[in-house]
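Presented below is the structure to which this report refers.
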Amino acid sequence: MSATFDIAIIGGGLAGCSTALHARLKGASVILFERGRCGGQASGVNYGGVRQQGRHPAELSLSRRSRTIWGSLQQLIGTDCEFAATGHLKLARTDVDMEDLIAHQALLGEHGIHADILEARDLTRRFPYLSGRYAGGSYCGEDGQANPRLVAPAFAKAARALGVVIRENCKIAVAERAESGFVIRPADGSPAISVRRLINTAGAWGAEVAAMFGDLVKETVMAPNMCVTEPIPPLIGPNLGICGGSIYIRQAAHGSVIFGAGLGVADAQALRARPLAEVTLEAAAAAVEMVPHLRNVLLLRSWTGIEGRMPDGLPVLGASPTVEGLFHAFGFSGHGFQLGPAVGAVLAELSLDGDTRTSISGLAMDRFAPFAVPAP
Amino acid sequence: MSTTAVIIGAGPAGMAAAEILVHAGLHPTILDEGDQPGGQIFRKPQAQLQRPLEKLYGFDAARARRVNATFASLRSKIDYRPGTQVWAAGNEILHLIDDSGSSVQAWTHLIVAPGAMDRIAPVRGWTAAGLYSLGGAQIALKAEAAVIGRRVIFAGSGPLLYLVAYQYAEAGVDVAAVLETGHPFAQIARLPALLSGGRLFARGLFYMAALRKRGIPILTGVRLQEVIRDSDDRVTALSFRHRGMEQVESCDAVALGHGLRSETQLADLLDIEFSFDAVQRQWLPKTDQDGRSTASNIYLAGDGLSVRGSEIAEASGRLAASALLHDIGLPAPSKVERDRRTMRSAARFREALEHAFAYPHEEVAALPDDVVVCRCEGLSAGAIRQTVERCGEADINRVKAFCRVGMGRCQGRLCGAAAAEIVAAASGTTIESVGRMRGQAPIKPIPLAELVRSRP
């Protein structure tokens, strides 16, 4: 095995595994380092919503591109990862929320995304299982859901099949600049690797990796509290959300209803997170409030995982403001799953072509003022 | 800081622990899933079905009487919460659910004694109506005064097989056969260890003799083949191989069980470390000889720590309570050394039992591809093997994530042991190295509306 690669990726979540595949498809030699297992953190344990609707304008171009990839997963990686365009219905509690939805519909339209505005009586007719307490909603038919457990490993498998070297259970001891790129020393003592380009997709630990090169941003962690019920006959069609966030609900093809609300506890140092019973209780109440039929359905499991969060709730994506050949994508703030496939495509373009056709200017790291590292 | 001692489980271990704590002047809280104290072993029928203790518990009637008397004497000195399920555990808080809704219970010291449940080795057709777990069949008899069928086959392995078959025969049920998959008498070398079980071993022989006297065939070294079903998916017969011969025995119900497995989800949620027990082929919470876990102020006792039967459970409950008292600086009234000796000699007997009535892991690992293993998710042995092969995975949690084995209503309790054997064999590794399915709250499934309802 050559100890020299065009690209090294730190972090085997969905963004990292997709980058590995896309960079390899462009002809680069690629090595990916993951300290645990690919898809073992946020990518594998999130809610599984695949939606463009409701996103910040700075993400919409990226989200649009990702949707295209979601629709062609079968061709790209040989499996659809249970992606289904079941639609995404965002509900409004009040008339003020409805105005926001209408404004958002126009914004989506500018990016070629179609959404229908539904009044209360449309909701009652089309989605009779909803409690009748909503002023209306916005329905985006091409949004949907997928099984998060499958996606990052499937990208990793496809990348590996094309010759990407994937080193799981491999921590990085040192990653540093070298004359014509970077040198990476694995913690297991295996030989150092030289690369031309380095891509940081380390998720909740992305700011830590960035800091190794002097790119200083504040990233905190969060752990969305997730719940799943026993399988029930098909009831809920679209992936459900609500203005202002809080509860989100979807029913998977095999019948389980997956919902989330609130946050569990995350410990980035210990690499672990756990759901909170109090939050699970609140989520259960919110789920029953949204879909009363769920009252007598059994809750089977709750879980969570660690995600990185940026101060403005938007990810960092793009070239390092200070180091040539270094690229970052982290801090997806609880909504990176849908974006993941396109993040990989964009990073492959940025690192190999020097540019991308996707508008990501609103996600650059330098939108944050550099901050001084507090003395230890 | 004052001590809030909480005991989970009012079986023999939990009750013995409570008795020690009360005698030391504490006022423990006992949280119990059951509606009455006694655990599974001393499970009582509802009031209108009350029968004499001798009928209910046989040889254990005297102990049952003593447990009842002990409980009566403790009743006013403990906060007894029957019908209470612990569904999650947080930072020195337990999350509870009972008939009136959800609530929380704080603790400073916790004794965890959740007991055990049936260990099942799947066999072709085992999802048929009329097939019950052995423990389930016994509970039907004890608690409901009901039987699972008119002509019943008892199949599987372990002492409970003979006891329940005997109880069913006594209740007037036509016991068609007792089919033991182990070779309990093939290992003469272990006989001394088995004999060290003394009374327990003698009882096993008594049940066998009583069954034989009734003309009920007891076959050992049996290989179960298929639970045969009619078009309504009801059990009609069981086919098996014995001494190289294929046989079919007709019946309308089967009680299936291969010993017991410890309930460990709560220990998992409490962040206690586990170690692999090669004898029981299960991951068990780590403790010292008295039941101190690796988490501070948490103690384990009874079959939830390691399956050793109800008498040993009592000793382990006393030890856990004594350890707790020691840790808060109170003298323990128990004869600790005597209980430790009991535990040590019991370990030898239980190990011999596990060898005599071993889980048929080779048969499970070799189950044909089309046999259902995970009944909640409808997954066959072949589907699990394909996942191992397709993903190159030998980690039970990854296999679970990829194919959903153990994700259904039983949360892996019923299928987990078998799935681990299949994954290990398919990936050419040991059952220890496939790891253990992680526990996740709720510990048992709960309707959303029940969770939402707060205790007034």
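Selection of first residues in segment A:239-257 that are within 22 Å of B:PRO445 (Cβ to Cβ) and of second residues that are assigned to a strand (DSSP E or B) and charged (D, E, K, R), restricted to Cβ pairs under 9 Å at least 6 apart or on distinct chains, gives the following pairs, ordered by first then second residue: A:GLY255/A:GLU230; A:SER256/A:GLU230; A:VAL257/A:GLU230; A:VAL257/A:ARG250. Do we have any residue at all in segment A:133-154 that's modelled with pLDDT under 95 and not in a helix (DSSP H, G or I)? There is at least one residue in segment A:133-154 that is modelled with pLDDT under 95 and not in a helix (DSSP H, G or I). So, in segment A:123-132, of the ones that are touching a Leu at 6+ places or on another chain (Cβ under 8 Å) and in a helix (DSSP H, G or I), which residue ends up surrounded by the most Cβ atoms within 10 Å (Cβ to Cβ)? So the residue we want is A:LEU123.
When segment B:440-456 is limited to residues that are open to solvent by less than 20 Å² (accessible area, probe 1.4 Å) and part of a loop (DSSP other than H, G, I, E, B), the one that is farthest from the other protein chains (Cβ to nearest Cβ) turns out to be B:ILE443. Here A:ARG295 meets each of (1) crowded, with 21+ Cβ neighbours inside 10 Å; (2) touching a Leu at 6+ places or on another chain (Cβ under 7 Å) with one exception, condition (1).
I'd like to know if segment A:16-24 contains one or more residues that are touching a residue at least 60 places away in the same chain (Cβ under 8 Å), more than 21 Å from A:ILE360 (Cβ to Cβ) and in contact with a strand residue (DSSP E or B) (Cβ under 8 Å, 6 or more places away or on another chain).
Just the residues of segment A:16-24 that are touching a residue at least 60 places away in the same chain (Cβ under 8 Å), to begin with: A:16-24.
Filter again for more than 21 Å from A:ILE360 (Cβ to Cβ), leaving A:24.
Subsequent filtering for residues that are in contact with a strand residue (DSSP E or B) (Cβ under 8 Å, 6 or more places away or on another chain) retains A:24.
There is at least one residue in segment A:16-24 that is touching a residue at least 60 places away in the same chain (Cβ under 8 Å), more than 21 Å from A:ILE360 (Cβ to Cβ) and in contact with a strand residue (DSSP E or B) (Cβ under 8 Å, 6 or more places away or on another chain).
Here B:PHE357 clears all of (1) more than 10 Å from chain A (Cβ to nearest Cβ); (2) aromatic (Phe, Trp, Tyr); (3) closer than 26 Å to A:ASN46 by Cα except the condition numbered (3).
Checked against the criterion of being assigned to a helix (DSSP H, G or I), modelled with pLDDT under 80 and either closer than 30 Å to A:LEU276 by Cβ or open to solvent by less than 20 Å² (accessible area, probe 1.4 Å) (or both), segment B:48-56 contains one or more residues that satisfy it. Exactly one residue out of A:GLY144, A:GLY132, A:GLY112, A:GLY163 is in contact (Cβ under 8 Å) with a residue 24 or more places away in the chain and closer than 19 Å to A:ILE236 by Cα, and it is A:GLY144. Taken together, the criteria place B:VAL86 among residues that are out of contact with any Phe, Trp or Tyr (no Cβ under 9 Å at 6 or more places or on another chain), open to solvent by less than 50 Å² (accessible area, probe 1.4 Å), within 12 Å of chain A (Cβ to nearest Cβ) and among the β-branched types (Val, Ile, Thr). Reported count of residues in segment A:288-301, each being under 14 Å from A:ARG133 (Cβ atoms) and either touching a Lys or Arg at 6+ places or on another chain (Cβ under 6 Å) or at the interface with chain B (Cβ under 7 Å from one of its Cβ atoms) (or both), is 1.
Against the list (1) assigned to a helix (DSSP H, G or I); (2) closer than 27 Å to A:LEU62 by Cβ; (3) open to solvent by 40 Å² or more (accessible area, probe 1.4 Å), the condition A:HIS114 fails is (1).
Checking the conditions here, which among A:GLY13, A:GLY49, A:GLY27 is open to solvent by 10 Å² or more (accessible area, probe 1.4 Å) and over 30 Å from A:ALA85 (Cα atoms)?
A:GLY27
Yes/no per residue for (1) within 29 Å of A:VAL165 (Cα to Cα); (2) surrounded by 19 or more Cβ atoms within 10 Å (Cβ to Cβ):
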| site | (1), (2) |
| --- | --- |
| A:CYS17 | yes, yes |
| A:SER63 | yes, yes |
| A:CYS81 | yes, yes |
| A:THR94 | no, no |
| A:GLN105 | no, no |
| A:LEU118 | no, yes |
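A Cβ distance below 6 Å, combined with a sequence gap of six or more or placement on separate chains, defines the contacts here; from segment A:260-274, residues that are assigned to a loop (DSSP other than H, G, I, E, B) reach residues that are open to solvent by less than 70 Å² (accessible area, probe 1.4 Å) and at pLDDT below 90 in the pairs A:GLY264/A:ALA273.
The criterion of at least 2 residues that are under 30 Å from A:VAL291 (Cβ atoms) is met by the following strands (runs of 3 or more DSSP E) wholly inside segment A:1-93: A:88-92. Take the residues in segment B:407-430 that are in contact with a Cys (Cβ under 6 Å, 6 or more places away or on another chain) and more than 9 Å from chain A (Cβ to nearest Cβ); name whichever of them is least open to solvent (accessible area, probe 1.4 Å). Per the stated criteria, the residue is B:CYS415.
For segment B:383-406, a tally of residues being open to solvent by 20 Å² or more (accessible area, probe 1.4 Å), more than 21 Å from A:TRP303 (Cβ to Cβ), part of a helix (DSSP H, G or I) and within 14 Å of chain A (Cβ to nearest Cβ) returns 4.
Out of curiosity, is B:ILE120 under 17 Å from B:CYS376 (Cα atoms), out of contact with any Pro (no Cβ under 9 Å at 6 or more places or on another chain) and crowded, with 24+ Cβ neighbours inside 10 Å? Before you say what the answer is, go through the steps one by one.
Details: under 17 Å from B:CYS376 (Cα atoms): yes; out of contact with any Pro (no Cβ under 9 Å at 6 or more places or on another chain): yes; crowded, with 24+ Cβ neighbours inside 10 Å: yes.
Criteria met by B:ILE120.
Summed over segment B:314-335, residues that are open to solvent by 10 Å² or more (accessible area, probe 1.4 Å), closer than 18 Å to B:VAL6 by Cβ and among the hydrophobic types (A, V, I, L, M, F, W, C) total 2.
Taking segment A:258-287 as the range and being facing another protein chain (nearest Cβ under 7 Å), of a type in the set (Gly, Ala, Ser) and crowded, with 23+ Cβ neighbours inside 10 Å as the test, the residues that pass are A:ALA277, A:ALA284, A:ALA287.
All of B:LYS335, B:LYS400 fail the test of being basic (Lys, Arg) and touching a residue at least 12 places away in the same chain (Cβ under 8 Å), apart from B:LYS400. Being over 30 Å from A:SER256 (Cα atoms), open to solvent by 10 Å² or more (accessible area, probe 1.4 Å) and either modelled with pLDDT of 95 or more or away from chain B (no Cβ under 14 Å) (or both) is a property that holds for A:ALA207.
The values are calculated or read from the model by the stated rules, or taken from the named source; none is laboratory data. Quick caveat: nothing in here was measured; it's all calculated off a predicted structure. A quick note on method: Cβ atoms are made from the backbone with ideal geometry, for glycine too, and the neighbour counts reach across all protein chains shown. For accessibility, only protein heavy atoms count, side chains too; no ligands or nucleic acids. Shrake-Rupley method; radii C 1.70, N 1.55, O 1.52, S 1.80 Å.
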